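Nothing in this text is a laboratory measurement; each read-out follows from the coordinates by a stated rule. Since the structure is predicted, the reported quantities are computational estimates derived from the model, not experimental observations. Here the Cβ positions follow ideal geometry from the backbone for every residue, glycine too, while neighbour counts run over all protein chains shown.
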Amino acid sequence: MNISLTFHAHQPNRLIAYDFFKIGEHAFYEDDLLNAQVLSQVAERCYLPANRLMRQLIELSDGKFRFSLALSGVILEQAMHHRPDLLLSFRELADTGCVEFLAMPYYASLASLYSPGEFAEQVQEHIDLIESLFGVQPTVLWNTGMLYSNAIAAQALDMGMEGIMADGNRQMMSNLHPNDLQCAPLIANTKTIVRNRHLSNDLANNRVDPSWTEYPLSPYTFADWITKQEGQVVNISMDYETLGERQPDSTGVFEFWRTLIPAILFEGNRFMTPGEIVHEFHSTGTIDCPQPTSCSTFGTTSQWNANVMQQEALKKIYDLEEPVKASRDRDMIHVWRKLQSADHFHYMEKSNGFTPYPSPYDAYIYYMNALADLQVRVKQEADMIRAMESKNLA
């Protein structure tokens, strides 16, 4: 059986407690100390040991083990500023020639839902960053939260993407096989690579759940499940933080993967990257997905835009697009784009377990105050531009 393994990594720029009285006082919205601390902690527990393990598995298999990484521009920026050793570790993986880097919206944003033009610009910015850091150009798109729809697939085609990743939830798949390449209606040139939700969740969640009927999962059992799969390719995808962070070292996660990969290869299976998949296989069917889906528990966008706070915040940030871009101020545009990261809106949801804030309401207030300050600065910039234009005309 052919297997494609993808890990996604992203760390948001969390905001300071930006209260009403800070508006107009300063434009430093991010908690730089907290962001650096979290990145370092996760780097030590997950990213660095996981990268070492993946490199060892590539070397031990003589390059037969191959996988892909979807790294947001935000986490790569943080690594450049706070943990250059982490960036070096990713570069060492790139140098093996066995790791494919996927395209993403640079800021892990929801722009594909609210501004197609902005979405295309963020993906191109991310492609440029990956090329400058790792010397490769991504050809397959991993959208934020695996957001997918007919319209998003069409955007991927317009960007020249050869493939786009999507989650194989029931709502989208109908009677289609999750292990076969698909395509959106009239989008034959950009293939849809469907994540095997069942097997991915077994590794990402169920492996450490004592109530699961297969607990404790043996890597040899999982390798056997993979071998017996049908279809073109089994696509396994999960957050990289699964290795060492959400499943701590004490759960045996690294030893599990150290055993799993050779076991899969021993049974005659083949690892492929998404780019290799879209070149080797044809689409077998058409996915008609008019409404956006994601890899969330319910397969919807509700974790980002279901409540009134989220909806208001999203409207205001994207309403700023035209005046922010009209400023031509690169720093201001960068700040505005960082405020688009989907995490900010997820923190406004009650069920979020990763929030740095006391409550969803606090997340909303800090965000909206920062946004209000940005609005003030955008207006000041616009007034300055108009004044200069008037002076030149006089």
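Can you give me the distance in nm between label points at Q56 and A17, each placed 7 Å from the Cα along the Cα-to-Cβ direction?
4.3 nm
If the convex hull of the alpha-carbon atoms of segment 302-393 is projected onto planes in all directions, what is the mean projected area in square nanometres? Spell out each step's value before the answer.
On the way: hull surface 24.4 nm².
Here the figure is 6.1 nm², rounded to one decimal.
Roughly speaking, what is the centre-to-centre gap between segment 289-313 and segment 140-205 when only Cα atoms are used, to the nearest Å?
Distance between centres, Cα-based: 17 Å.
Sequence gap at least 6, Cα distance under 8 Å: using those rules, report the relative contact order of segment 29-106 to the nearest whole percent.
Across segment 29-106, relative contact order equals 40 percent.
For the chain, what does the relative contact order come out to in percent, with C-alpha contacts under 8 Å and a separation of six or more?
Result for the chain is 23 percent.
Counting Lys +1, Arg +1, Asp -1, Glu -1, what net charge surrounds H81 among other residues with beta carbon under 12 Å of its beta carbon?
-2
Compactness ratio of segment 237-297: Cα Rg over 2.2 N^0.38 Å, N = residue count?
Working: Rg = 16.5 Å, N = 61, 2.2 N^0.38 = 10.5 Å.
Segment 237-297 yields a ratio of 1.58.
Scan around N2 for amide H atoms under 5 Å from its own, H built in the peptide plane at 1.01 Å from N, and keep only partners 5 or more places away or cross-chain.
Long-range HN contacts for N2: V234, R270.
What's the extension gain from R270 to F354 if we count 0.36 nm per residue and subtract their Cα-Cα distance?
Details: separation 84, 0.36 × 84 = 30.24 nm, distance 3.54 nm.
Full-extension gain reported as 26.7 nm.
Run the numbers on segment 1-144 and let me know its relative contact order in percent, using alpha-carbon pairs under 8 Å that are six or more apart.
Once normalised by length, the contact order is 24 percent.
Taking only pairs that are 8 or more places apart or on different chains, how many Lys pairs in segment 278-394 have Cα atoms under 15 angstrom apart?
The number of close lysine pairs in segment 278-394 is 5.
List the residues whose amide H sits under 5 Å from the amide H of D167, counting only those 5 or more places along or on another chain, with H placed 1.01 Å from N in the peptide plane.
R195
Relative to the compact-globule scaling 2.2 N^0.38 Å, provide the ratio for the alpha-carbon radius of gyration of the chain.
So the Cα radius of gyration is 1.01 times the expected 2.2 N^0.38 Å.
Between beta-carbons, use under 15 Å as the cut-off and find the net charge around L53, counting Lys and Arg +1, Asp and Glu -1. Kindly include the intermediate steps, with their values, before the conclusion.
Working: positive: R45, R52, R55, R66, R258; negative: E44, E59, E92, E241, E245, D249, E255.
Residues near L53 contribute -2 overall.
Hey, what number do you get for the chain at 222 nm if only DSSP H runs of n ≥ 4 count, each worth -39500 (n - 2.57), divided across all residues, to the nearest 500?
Result for the chain: -14500 deg cm²/dmol, rounded to the nearest 500.
Please give the contour-minus-distance gain from A151 to W212: 0.36 nm per residue of separation, less the Cα-Cα distance, rounded to one decimal in nm.
So the extension gain works out to 18.2 nm.
For segment 176-272, what is the largest minus smallest coordinate of the Cα atoms on each principal axis, given in angstrom and ordered from greatest to least?
Principal-axis extents of the Cα atoms in segment 176-272, largest first: 48, 28, 23 Å.
Can you tell me how segment 50-107 classifies by the Cα gyration tensor, rounded, prolate or oblate, using a/c under 1.5 as the rounded cut?
Oblate shape, in that a/c is at least 1.5 and b/c is the bigger or equal ratio.
Which value in nm describes the separation of the simple spin-label points at Q291 and H26, placed 7 Å from the Cα toward the beta carbon?
Going from the Q291 label point to the H26 one covers 4.5 nm.
In nm, give the distance between the simple-model label positions of S250 and M159, each being 7 Å from the Cα along the Cα-to-Cβ direction.
It works out to 4.0 nm between the two label points.
Scan the chain and note any complete DSSP helix (H) whose C-alpha atoms cover at least 30 Å along its axis and whose Kyte-Doolittle average is -1.0 or more.
Going by DSSP H runs, the hits are 360-393.
Compare the peptides 73-79, 119-125 by average per-residue count of other Cβ atoms within 10 angstrom and give them in order, highest first.
73-79, 119-125
Which FRET efficiency value, to the nearest 0.05, do you get for T259 and V136 by plugging their Cβ-Cβ distance into 1/(1 + (r/R0)^6) with R0 = 30 Å?
On the way: r = 29 Å, r/R0 = 0.98.
According to the calculation, E is roughly 0.55.
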